Amino acid sequence: MLDKEFHLREEDDQLYIYKLYGLTKPRKIKAEKTLRIKIGANAEISAKQIEKAQEIIDRATVDFTPFANEMIGDIENRTAYIQSLTYGREEEYEALLIPFIQLKGQAAMFGNRFVSELSQVVLSFLEKYRRLDDTSLEIVGAYCKSVRLSYEKEITTLELNNARVLYSEVQYAIKRYEDRFKG
Amino acid sequence: MKELKVLVIDDCAPMLGMMVSILDRFGFTSIVTARDGEEAFAVFQAEKPDLVITDWHMPNVDGLEFCHWIRRNKHSVNRRVPIILMTGFSERERIGKARDSGVTEVLVKPFTAKDLARRIMYVIDVPRDFIEAMEFLGPDRRRRPDDDYIGGNKRSAEPIDA
């Protein structure tokens, strides 16, 4: 195991060294093609290799549902907690975003573009307003219901009719919020 | 690619497995993994990888904190190792925060195999100068000269060549 010194995360050696020696000027270390030299002049990732790697993404057989349910559960629990707060809600903002980021980033990697795109819509909304009032939390609630339903009904792309209905509902809720905010 | 050792860090087991499979198809044969930044510290020190690919959001020690540690801790076995950060964030402000922490490249999820290959080859073929300053330690954030820029110098002091 690493010794205790490694775990002192607040320790910042760079700051310490600069202060110790009274250094003020930044230093620039010229880049070297160390990795290229290691692999040789002609080594590359070929189009064929990329194609084979893409097949792994396209044909991912891992069932992402348990992970998605865990993330949605996390969002619902955090939302319930935030709703119980009368002040200091914004302090919970960053923590609330994390499961959204995970779902947006990973659902599509495991065959569900619908959840990724829906997560992006709600994420953009939250990042734009950075408010956790009751109405924005209702939008988060609608999102959670849509994601759960999408896994239940195996909705994976926006091309399906019921996918568009779920997607539009969340979008309209955001639009209503924005209109009210403008007014 | 078999000459390079890659460290992949992700707390999501299916994602970690997928990354290993993708890198395997790219021709990497030496791939080591960790499930969070804290575990990655030990693996990084022991394995001395040539390239690090890490997720941002992880329990205990996240990707940015791990990057900060690699760059700034005097015990780090390779402060200048290229770090590719994977994240679902795509907002400019967030990407800027990642760059300020010293990551080399940011890869926004979801991504394609081509996106990942492009980032890896970029890190290999276009290595960036490394800046050591009191507030910042990492690859030079100025990727190209901006000939149209007419304002003053944003840097408090120009770096000296080391």
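Since every read-out is calculated from the coordinates, none of them should be taken as a lab result. Predicted, not measured: the structure shown is a model, and the values here were computed from it. Please note: Cβ atoms are built from the backbone with ideal geometry, for glycine as well, and neighbour counts cover all protein chains shown.
Counting only DSSP beta bridges with both residues in chain B, what percent are antiparallel, rounded to the nearest 5?
Details: 3 of 20 bridges.
Given both bridge residues lie in chain B, the antiparallel proportion sits at roughly 15 percent.
Considering only Cα-Cα distances, which of the following residue pairs are longer than 32 Å: A:Lys48/B:Lys74; A:Lys153/A:Lys175; A:Lys48/A:Lys104; A:Lys128/B:Lys74; A:Lys25/A:Lys104? Please report the intermediate quantities before stating the final value.
On the way: A:Lys48/B:Lys74 41 Å; A:Lys153/A:Lys175 26 Å; A:Lys48/A:Lys104 28 Å; A:Lys128/B:Lys74 39 Å; A:Lys25/A:Lys104 41 Å.
Listed pairs above 32 Å: A:Lys48/B:Lys74; A:Lys128/B:Lys74; A:Lys25/A:Lys104.
In degrees from 0 to 90, rounded to the nearest 10, what is the angle of the helix B:63-72 Cα long axis to the longest principal axis of chain B?
The helix B:63-72 is inclined about 60 degrees to chain B.
Can you work out the Karplus-derived ³J(HN,Hα) for every residue in the range B:113-125? Use 6.51 cos²θ - 1.76 cosθ + 1.60 with θ = phi - 60°, whole Hz, and x for glycine or proline.
Coupling constants for the range B:113-125: 4, 5, 4, 5, 4, 4, 5, 5, 5, 5, 5, 6, 8 Hz.
What is the set of long-range amide H partners of B:Lys5 at a cut-off below 5 Å, with H atoms built 1.01 Å from backbone N?
It is B:Asp50, B:Leu51, by chain and number.
Name the chymotrypsin sites (Phe, Trp or Tyr not before Pro) in the range A:87-133 that are in a loop by DSSP and that have at most 11 other C-beta atoms within 10 Å, would you? The partial results should precede the final answer.
Details: sites: A:Tyr87, A:Tyr93, A:Phe100, A:Phe110, A:Phe114, A:Phe125, A:Tyr129; in loops: A:Tyr87.
Loop-located and lightly packed - A:Tyr87.
For the range A:85-183, just run the numbers: alpha carbon Rg, then divide by 2.2 N^0.38 Å, N being how many residues it has. Could the numbers behind the result be given before it?
Details: Rg = 13.6 Å, N = 99, 2.2 N^0.38 = 12.6 Å.
The reported ratio for this selection is 1.08.
Over all pairs of distinct alpha carbons, what does the Kirkwood formula give as the hydrodynamic radius of the protein assembly as shown, in Å? Could the numbers behind the result be given before it?
Details: mean 1/r = 0.0455 Å⁻¹.
Averaging 1/r across every pair of different Cα atoms and inverting gives 22.0 Å.
Work out how much length A:Ala95 to A:Ser168 would gain on full extension: take 0.36 nm times their residue separation and subtract the Cα-Cα distance, in nm to one decimal. Please list the in-between numbers first.
Values: separation 73, 0.36 × 73 = 26.28 nm, distance 2.62 nm.
Taking 0.36 nm per residue and subtracting the Cα distance, the gain is 23.7 nm.
List the extent of the Cα atoms of the range B:5-139 along each of their three principal axes, largest first, rounded to whole Å.
For the range B:5-139, the Cα extents along the three principal axes come out at 40, 33, 31 Å.
Neighbouring Cβ atoms within 10 Å as the yardstick, rank A:Ile72, B:Ile83, B:Ile95 fewest first. Please report the intermediate quantities before stating the final value.
Details: A:Ile72 20, B:Ile83 27, B:Ile95 16.
Exposure proxy ranking, most exposed first: B:Ile95, A:Ile72, B:Ile83.
From the Cα gyration tensor of chain A, with a ≥ b ≥ c the square roots of its eigenvalues, which class applies: rounded if a/c is under 1.5, or else prolate if a/b is larger than b/c, or else oblate?
Numbers: a/c = 2.31, a/b = 1.32, b/c = 1.75.
Verdict is oblate for chain A.
At 7 Å along the Cα-to-beta-carbon direction for both B:Lys97 and A:Glu154, put a label point, then send me their distance in nm to one decimal.
Each label point is offset 7 Å from its Cα along the Cβ direction, giving 3.9 nm.
How large is the dipole of the range A:62-182 about the Cα centre if only Lys and Arg carry +1 and Asp and Glu carry -1, each at its Cβ, rounded to the nearest 20 debye? If you can, show how the numbers build up before the last one.
Values: 15 positive and 19 negative charges, 80 e Å.
Dipole size: approximately 380 debye.
Tell me which residues come under 5 Å, amide H to amide H, from A:Ala43 once H is placed; ignore anything under 5 positions away on its chain.
Sorted by chain and number, the residues that satisfy this come to none at all.
Whose amide H sits under 5 Å from the amide H of B:Thr33, counting only residues 5 or more places off or on another chain, with H placed in the peptide plane?
Answer set, sorted by chain and number: B:Val8.
Using the charge dipole of chain B (Lys, Arg: +1 at Cβ; Asp, Glu: -1 at Cβ; taken about the Cα centre), state which of B:Gly37, B:Phe66, B:Gly102 has its Cα farthest towards the positive end.
Result: B:Gly102, furthest along the dipole toward the positive end.
Please list, in order along the range A:135-141, the HN-Hα scalar couplings obtained from phi with the Karplus expression 6.51 cos²θ - 1.76 cosθ + 1.60 (θ = phi - 60°), rounded to whole Hz, x for Gly and Pro.
Per residue, the Karplus-derived 3J(HN,Hα) values read 5, 5, 6, 5, 5, 4, x Hz.
For the protein assembly as shown, with only Lys/Arg (+1) and Asp/Glu (-1) charged at the beta-carbon, what is the dipole magnitude about the Cα centre, in debye rounded to 20? Don't skip to the answer; put the middle values down first.
Details: 53 positive and 57 negative charges, 224 e Å.
It works out to roughly 1080 debye.
Karplus couplings for the range A:29-45 from phi (6.51 cos²θ - 1.76 cosθ + 1.60, θ = phi - 60°), rounded to Hz, Gly and Pro as x?
9, 4, 5, 10, 8, 4, 5, 4, 4, 4, 8, x, 5, 9, 5, 7, 9
So what's the back-of-envelope 222 nm ellipticity for the protein assembly as shown, counting only DSSP H runs of four-plus at -39500 (n - 2.57) apiece and dividing by all residues, rounded to 500? Could the numbers behind the result be given before it?
Working: 13 runs with 177 residues, N = 345.
That comes out to -16500 deg cm²/dmol.
Determine the shape class of the range B:1-57: with a ≥ b ≥ c the square roots of the Cα gyration tensor eigenvalues, call it rounded for a/c under 1.5, and otherwise prolate if a/b is greater than b/c, oblate otherwise.
Details: a/c = 2.38, a/b = 1.16, b/c = 2.06.
Because a/c hits 1.5 or more and a/b fails to exceed b/c, the range B:1-57 counts as oblate.
If you restrict to DSSP beta bridges whose two residues both lie in the protein assembly as shown, what percentage is antiparallel, to the nearest 5?
On the way: 6 of 25 bridges.
So the antiparallel bridges in the protein assembly as shown amount to around 25 percent.
Compute the helix-to-body angle for A:113-129: its Cα long axis versus the longest principal axis of chain A, expressed 0 to 90° and rounded to tens.
The two axes meet at around 80 degrees.
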